[in-house]
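Here's the structure we're looking at; comments come further down.
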Amino acid sequence: MADPSSYRPAPGQIPDSPGVYRFRDEHRRVIYVGKAKSLRQRLANYFQDLAGLHPRTATMVTTAASVEWTVVSTEVEALQLEYSWIKEYDPRFNVKYRDDKSYPSLAVTMNEEYPRVQVMRGPKKKGVRYFGPYGHAWAIRETVDLMLRVFPVRTCSAGVFRRSAQIGRPCLLGYIGKCSAPCVGRVTPEEHRELAEDFCDFMAGQTGAYLSRLERQMHDAAEEMEYEKAARLRDDIGALRRAMEKNAVVFTDATDADLIAVAEDELEAAVQIFHVRGGRVRGQRGWVTDKVEAVDTAGLVEHALQQLYGEESGEAVPKEVLVPALPEDAPALGEWLAGRRGSNVSLRIPQRGDKKALMETVHRNAQQSLALHKTKRASDLTTRSRALEEISEALGLDGAPLRIECFDISHLQGDDVVASMVVFEDGLARKSEYRRFQIKSFEGQDDVRSMHEVVSRRFRRYLQEKLKTGEWSPEDGDEGENPGENPLAEDDGRPKRFAYPPQLVVVDGGQPQVAAAKRALDELGIDDVAVCGLAKRLEEVWLPGEDDPVVLPRTSEGLYLLQRVRDEAHRFAIQYQRNKRGKRLKAGPLDEVPGLGESRRQALVKHFGSVKKLRQATIDQICEVPGIGRKTAETVAAALARSVPAGPAVNTATGEIIEDETPPPRVGAPPGGSRGTSSERGTEQ
């Protein structure tokens, strides 16, 4: 625990101007990012008597080991820089909202020749129009099903579309009138795009004019005694009205607005957002977060606005944003939102009428979300805490292992030997810190030797980071893989690859693997990291130097956590090993040519049509490919000559041997186009 006075900046050193500041811990990792109108006044608040600080703030300043700042010209720039740094560094003491699920949206791919309507999750793509997000995917599908009767836009995948175009027959939706079947030419691309644009306009709230037009067409058809057409239009109008009923009108003035409500207690906060477009609720989403910093409702609103609109632009930012409390720098936030939208944005608290009533509804949703989250989280927190305590007691550790790293070795009969490292913090997987290794020091199958290599490499990297910060010198232990060279990135506060030590190392295996891991740590002079192994056969826990294992009860939460860690390492290792083996099996002769990248490999194959024809080409012919010089052409020809197929090609359908055409003479080949004898081919190679 650091004393804040030990790194407090000198008086007068901090500028009295807007800016963004960062607190770092002893490992130089950024643990908190904040902004201020006056850096001098804001930072002075952190360096007062600890008894006068909020407990969370006191924890942060005692965890930190240094503070630095960046001066900007305006509060809007400070707001943007703060958001960028929080996203980049992922500081542990900043409030970060995380969705408990990925909310689906209704998407129309206007960037395709034949736009497609579909349910889409994840990051937004350029050229795609989105509506939502919605709470459930089935709600989107019900709405789309009703609207396809009137707007028969394509909904099929690219594969189904191509298949229908090949066979000249549309899918079922084309036969029942819920697709205009552009795949078989029933409508032109222009007509289909017009349908998609009408669909988007209707979803965007332009419903009145379209319904009025349909009603006029229905009456005209009835007057002209086209009763079938009139009945069809009547049914279309009914389908659209049913689709509209799913989104009740909440604002009669057709307002575009987002309403944000917050429910909180001392430890956690829940945020709910209602997206209102054209006066109707078009989507809903919510977040829950731990209050890891001392922040009030206005601060929570500010963080929510940053996360909600940090990556949005244009119409995705509405004209009005209604909040329960205005942040301290509301004018700067309003200016930032206006910049993202491209026009003015009203950021305010609703005072009366429909908007205040809807805000109360959003707040009730936030309260229910927080209550549901606490019900789930209470059991989860209790279980994880008990599991860590049981592991600590069983292994005789000084404290709970808040960071656990597990290593596993994977191979296929001694080939493609790889290893994995997975990380669990506070009993939860931290996938951003998972790492993969290729075994480099030897070939073949030796799990014990592989484990020793992997653990050594991981902790050498840790010692190199300590060497950089001055916490360790080479005299204290092994210098690492490359003495005097630090392969880590520049010290910028970003999460580094191997900079943070675990309290417990778990290896997948028994006594031999545990002994290898312990020996690797001893060779490096590391004595403050515990080691254990979990054997699969009887789920026994092995400790270094012990003849008998530690047997945890089958109902033990600690054993269950160790099993989860071990199984995750096993899964991650197998996945890497399979990917590596797959790439090796798919590799062709061109993959072995040094300096030949993917683009030029594709250019060669595209130019000649196949590797077989490329193998028959002369060096001059290879040089005709754009981007291929003479030296590269000679290297390609030599590599292909070394990889002559073992036997003739066979037609698998008929069993006939496919005779090769006489290839053009190659460099070094005898006159007349002959392939030459085997000894002559060896000379070419």
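The values are calculated or read from the model by the stated rules, or taken from the named source; none is laboratory data. Keep in mind the model is a prediction, meaning the values are calculated, not measured. Cβ placement follows ideal geometry from the backbone for every residue including glycine, while neighbour counts extend to all protein chains displayed. In case anyone asks, the SASA skips ligands and DNA or RNA and just uses the protein heavy atoms, side chains included. Shrake-Rupley method; radii C 1.70, N 1.55, O 1.52, S 1.80 Å.
If the chain between K87 and Y7 were fully stretched, how many nm would it gain, using 0.36 nm times the residue separation less the Cα-Cα distance? Can you show the working numbers first?
Numbers: separation 80, 0.36 × 80 = 28.80 nm, distance 2.54 nm.
Net length gain for the segment: 26.3 nm.
Arrange the peptides 624-634, 58-68, 256-266, 510-520 so that the one whose residues have, on average, the most other Cβ atoms within 10 Å appears first.
Values: 624-634: 14.1, 58-68: 18.1, 256-266: 20.1, 510-520: 21.7.
Highest-to-lowest ranking by the protection proxy: 510-520, 256-266, 58-68, 624-634.
If I compute solvent accessible area with a 1.4 Å probe over the protein chains, what percent of it on segment 334-453 is carbon and sulfur?
Working: 2820 of 6370 Å².
Taking all protein chains in place, segment 334-453 shows 44 percent carbon and sulfur surface.
Taken along the Cα-to-beta-carbon direction at a fixed 7 Å, the label points for K319 and N111 span 2.9 nm.
Put simply, when 559-569, 227-237 are sorted by average Cβ atoms within 10 angstrom per residue, most first, you get 559-569, 227-237. Report note on the peptides 330-340, 446-456, 345-355: ranked by the mean count of other C-beta atoms within 10 Å, highest first, their order is 446-456, 330-340, 345-355. Note on segment 1-84: percent of Cα-Cα distances in each 10 Å bin, starting at 0 and stopping at the bin with the largest distance, equals 19, 50, 29, 2.
Cα centroid separation, segment 176-238 to segment 334-407: 45 Å.
Each of N344 and R186 was given a label point 7 Å from its Cα along the Cα-to-Cβ line. The distance between the two points is 4.8 nm. For segment 23-162, the Kirkwood hydrodynamic radius comes to 19.4 Å, computed from all pairs of different C-alpha atoms.
Any chance you could run the full-extension gain for T62 through C623? It's 0.36 nm times the residue separation minus the Cα-Cα distance, nm to one decimal.
Values: separation 561, 0.36 × 561 = 201.96 nm, distance 6.52 nm.
So the chain would gain 195.4 nm between T62 and C623.
Using a cut-off of under 14 Å, list every residue of segment 278-301 whose amide N is near the label point 7 Å from the Cα of L372 along the Cα-to-beta-carbon line. The answer is 284-288, whose backbone nitrogens lie closer than 14 Å to the label point. Among the listed pairs K87/K356; K440/K612; K87/K431; K466/K580, a Cα-Cα separation exceeding 22 Å is found for K87/K356; K440/K612; K466/K580.
Once R0 is set to 41 Å, what does the formula 1/(1 + (r/R0)^6) return for the Cβ-Cβ distance between R436 and R141, expressed as a FRET efficiency to the nearest 0.05? Show your work: numbers first, answer last.
Details: r = 39 Å, r/R0 = 0.94.
E(calc), rounded to 0.05, equals 0.60.
What the Cβ-Cβ distance of R216 and Q351 gives, at R0 = 45 Å and to the nearest 0.05, is a FRET efficiency of 0.65. How high is the relative contact order of segment 494-583, in percent, with contacts defined as C-alpha pairs under 8 Å that are six or more residues apart? Computed over segment 494-583, the figure is 23 percent.
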